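First comes the structure, then the notes that go with it.
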Amino acid sequence: MSLTELNTKRGDATDGAGPLGNALSRADGPAKVKGQATYALEHKVDDALHCVIVQSTVGAGRVVSVDRAAAEASPGVHLVLDSTNSLKLRPQPDFFGNWPTGEEYTPFASDITHNGQLVAAVVADTLEEARAAARLVRVEFEAATVVATRDDPSAGPGNPVPMDKDWGDPDAALAAAEVVIEATYETPREYNLPIEPHGLIAHWEADDRLTVYEPSQWIDGMANNYAAWFGVPFENVRVVSPFIGGGFGSKAQALPHSAAAAIAARMLRRPVKLAVTRPQTFTAYGGRPATWQQLRIGATRDGKLLAIDHDGANETAADGTFVETLGVVTSMMYDVANFRSRQRIVPVNTVLPGAFRAPGKNPSAFALESAMDELAVELGIDPVELRRRNEPEVDPETGKPWSSRRLLDAYAAASEAFGWSRRDPRPGSMRDGHELIGWGMAVGTHPVYSSPGEATVRILADGSVEVLSSAIDMGTGTYTILAQAAADALGVRAERVTVRLGDSRLPRAPVAGGSQLANLMMAAVHKTALAARDELIALGLNHPGSPLRDRANTLFISEGRISTPRGEGLAVEELMTATGREIIELSRDTLPEADRSSDDRLKLFTTVAGMERGTNIPVSRHSFCAHFVEVRVDEDFGTVRVSRVVTALDAGRLYNPKLADSQFKGGIVMGIGMALLEEGVTDPRNGRILSANLADYRIATNADVPHIETISVGKPDYDATPLGGKAVGELAIVGMAPAIANAVFHATGKRIRRLPIRLSNLI
Amino acid sequence: MATLRSMELEINGRQHALTLEPRVTLLDALREHLGLTGTKKGCDQGQCGACTVHVDGERVLACLTLAVQAEGRKVTTIEGLAQADGALHPVQAAFVEEDAFQCGYCTPGQIMSAVACIREGHAGSDEEIREYMAGNLCRCGAYPNIVSAVRKAAKEVA
């Protein structure tokens, strides 16, 4: 029987009829508001030493020497580490498959490929002592020529990435098109910047047994990182991460500083705590690379798309490959018969870029949705109407039917709520005093990915329930929705369910990335809880001690009571007591039947091998959203304020609409920052990040964010996932920046194709 | 070598005797020496607001305050906000009800700022709340719900 057939709720996406779909408050909320949620560095580990890292001050070259003497002589110092005295680890690939060079790996660089690279570390009794001693480490560099960014002429055109997409004959179609829009769109380096910086406590509890307290979006993947580096069994590494202070893609792998802390702890045989400083975070993890995309769109005069020709590129590191997949929205959003997409990467002296909320999708939509607005202006067609005319029946790239695509509903709901029909399309036509008012819109999308998951469900003697998984909750709501899933399947109240997450000793889970975790863990917990319910019912029917024995052919469980069809029954805890059961404990997984060996299991949960991106699925699975935005631009100063946002979203069934809505709004807020504020600025001489702090790299503040109205137009989509949800977490950032840029054009008549939009662009 | 210094800090109504280097910040004294980890370190340079505590009733960034500067003054942290029986402060309760956070890491600082913002009389309108809460960054983007929570709590506290 499939999970879909077993599903017990069929209502609207936000039905609220039972525990599932109900807008419960966050289960971990009280702990968080009282300051009692324990984040990684807050675990109490006795005798921990403090480690402070030292980063390179040149952007390319090599380390000639490290003079450790002054630091070693500094009070409280236990160890000063660099590449020459560090314990050597076994090389292993990073998240993206890049291998370090050489037979041995040390996280401390001797060859410098980017400014801010880890070169040394100091371990001392106190943080203050380690910090002071770190300033005494004298590193002599031999500097080489730096290619700081892709703007450096010597960066060159880069290297093609084998992800060409081709159909039809775009050249011929463009040549014949009545209207062609051609433009280049650019986004700067953008950084994840969770408010909790990276860091960890590494504790070797025995020579071959390591416990790591580290914020993690992927407990099992990171445990595997450490096991592989140190050559110890996977089971001997415990990663603990019950709360994560934000990740947005940046906390899914152990990084060089993670290895440094674990090495120091191993060499000193003492626990070591390492907190990456805020400025250091800008080079400890790369964030979204700078991107640029050239688009040519051909259309008929009445707004039918004929061809899209797309050429995208992103910066990568000199010594590693990261691809920001810029053609992903371009190829599936609109019905177009002739298409070409190319992608290049341009190596420069930067830390390896990485995943940042909606990688690929987000900048891809910035280019496509800006260009669609330009086309609408050129044609004199309303931008919503232009999109309606090009709504595809099937996924144009794969030809597969959509599992669901309620974008037309989203247009209708959001434009109605926004009052779009009152828009005067002429740029600069709407004003309020000295403020120019602009109304713009754009769409976003995110694919639905799926991976297997595991869960354990326990029914305890007191009738309470526990759900166990090494999945994580970084504010995404996992603690809450998994309790709702178990409560729904078991027939108990959600408040009776406790969820334990974030520990590699618990049943395994894949990466919390690609907006996949909620759907796959809901399926795993649903399946496990149903099995537990069956066992409870069997206990009631068959156990000699059960008061319900031989009273019925089947039993029902609802509101924590187990009953016959006639209503005769007792509380679950009473049945447990009557039958002498201390516990019912079951574990289930959603692994494919063919991949259930322990090797398969390890591989599927510690690599991305198990992630299904759609190749083997007969339908095309995506979430969608339509953003409608009002901006106010000061005519004299060019300042842009977002004054109103209405977004309608199709993310399938919402397991908890309150928490999903917070994710939607969070994406919109991050999109406001992306459009107007965020920019990593690099010194062209040496590759140093000049904006490496939260004042110079500006993220949206409370004062930058207006009232936001969100409307869910989703319905349960059981072709997308077993319980009917689609992608939530990364959806709403996609399309937000172009909606703002389009609104700015409407206000000012100025088309800004390079983010962020600055006041200097507008005056 | 830095010399150690004895100090007495009054935190959440309790006296704490500490012997620390004078360069230890109030934030590190709380987190590393007193086990009061509810106050968060987001930037350690006065830019994010995650370490907001009250000193003599006013909001202060604990990362820009040396522990010795707090001697003889009353420090209140997030751990000191709930009532003795564990009942949530109205601002804490409103943050839960309005889902005014996701990851929760900036939350203690947001709440300490919100309590002061209301007390200062700066919660009169959504615009005012946004302005007076703008020193506390939230990367999850919970700002609209933070405004709702502060507005709601301000009515209850008044």
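In this Cβ point-charge picture (+1 for Lys and Arg, -1 for Asp and Glu), region B:32-132 has a dipole of about 340 debye about its Cα centre.
Placing +1 on the Cβ of every Lys and Arg and -1 on the Cβ of every Asp and Glu, with no other charges, gives the protein assembly as shown a dipole of roughly 460 debye about its Cα centre. Positive end of the dipole of region A:611-731 (Cβ unit charges, origin at the Cα centre): among A:His707, A:Val640, A:Gly652, the Cα lying farthest that way belongs to A:Gly652. Amide H contacts under 5 Å for A:Ala700: A:Gly673, restricted to partners 5 or more places along the chain or on a different chain, H placed in the peptide plane at 1.01 Å from N. Counting charges near A:Ala648 (Lys, Arg +1; Asp, Glu -1) among other residues having Cβ under 10 Å from its Cβ returns a value of -3.
Peptide A:651-661 shows a mean partner chain C-beta count of 1 within 10 Å per residue C-beta. Each peptide in B:30-42, A:648-660, A:435-447 gets a packing score, the mean of other Cβ atoms within 10 Å over its residues, and the list from highest to lowest is A:648-660, A:435-447, B:30-42. Contact order, relative form, for region B:5-80: 39 percent (alpha carbon pairs under 8 Å, 6 or more residues apart, mean separation divided by residue count). For A:Arg422 and A:Leu570, the difference between the fully extended length at 0.36 nm per residue and the C-alpha to C-alpha distance is 47.3 nm.
Using the Cβ-Cβ distance between A:Val681 and A:Ala594 with R0 set to 45 Å, the FRET efficiency from 1/(1 + (r/R0)^6) comes to roughly 0.35. Counting Cβ atoms of other protein chains within 10 Å of each Cβ in B:32-41 and taking the mean gives 5.
Taking Cα centre as origin and charging only the Cβ of basic (Lys, Arg, +1) and acidic (Asp, Glu, -1) residues, the dipole magnitude of region B:5-80 rounds to 100 debye. Which FRET efficiency value, to the nearest 0.05, do you get for A:Thr554 and A:Lys715 by plugging their Cβ-Cβ distance into 1/(1 + (r/R0)^6) with R0 = 41 Å? That gives a FRET efficiency of 0.85.
Order of A:69-78, A:185-194 by packing, highest average Cβ count within 10 Å first?
On the way: A:69-78: 17.2, A:185-194: 23.7.
My ranking of the peptides, most packed first, is A:185-194, A:69-78.
Across chain B, the relative contact order, built from alpha-carbon pairs under 8 Å that are at least six residues apart, equals 23 percent.
Here, region B:5-80 has an Rg and a Dmax of 10.9, 30 Å when only alpha carbons are counted.
Amide hydrogen proximity for A:Trp204: with H placed 1.01 Å from N in the peptide plane, the residues at 5 or more positions away or on another chain lying under 5 Å are A:Thr211.
Solvent-accessible area lost on pairing B with A (1.4 Å probe, both sides summed) amounts to about 4200 Å². Between the listed residues A:Phe366, A:Pro162, B:Gly72, the Cα displaced farthest toward the positive end of the dipole of the protein assembly as shown, a dipole computed from Cβ unit charges relative to the Cα centre, is found at B:Gly72.
Of the residues B:Leu20, B:Cys51, B:Leu34, the one whose Cα sits farthest towards the positive end of the charge dipole of region B:5-80 is B:Cys51 (charges of +1 on Lys and Arg Cβ, -1 on Asp and Glu Cβ, taken about the Cα centre). Each peptide in A:28-41, A:131-144 receives the mean, over its residues, of other Cβ atoms within 10 Å, and ordering these scores from highest gives A:28-41, A:131-144. Shape call for the protein assembly as shown from the C-alpha gyration tensor, a ≥ b ≥ c root eigenvalues: rounded (a/c under 1.5), prolate (a/b greater than b/c) or oblate? Since a/c stays below 1.5, the shape of the protein assembly as shown is classed as rounded.
How high is the relative contact order of region A:463-540, in percent, counting Cα pairs under 8 Å that sit 6 or more residues apart?
Working: 100 pairs, mean separation 29.7, N = 78.
It comes to 38 percent, rounded to a whole number.
Using a ≥ b ≥ c from the Cα gyration tensor of region A:73-133 (square roots of the eigenvalues), is it rounded, prolate or oblate, where a/c under 1.5 gives rounded and otherwise the larger of a/b and b/c decides, a/b for prolate? Prolate shape, in that a/c is at least 1.5 and a/b is the bigger ratio. Spacing of the modelled spin labels on B:Asp126 and A:Asn616, each 7 Å from Cα toward Cβ, amounts to 4.8 nm.
Let me confirm one metric for peptide A:37-43, namely the mean number of other chain beta-carbon atoms within 10 Å of its residues' beta-carbons. The partial results should precede the final answer.
Numbers: counts 7, 2, 6, 0, 5, 7, 1.
Mean shielding count: 4.
The values are calculated or read from the model by the stated rules, or taken from the named source; none is laboratory data. Not measured: the values here are computed from a predicted model. Methodologically, a virtual Cβ is constructed for each residue, glycine included, from the backbone with ideal geometry; neighbour enumeration extends over all protein chains shown. Only protein heavy atoms, including side chains, enter the accessible area calculation; ligands, DNA and RNA are left aside. Shrake-Rupley method; radii C 1.70, N 1.55, O 1.52, S 1.80 Å.
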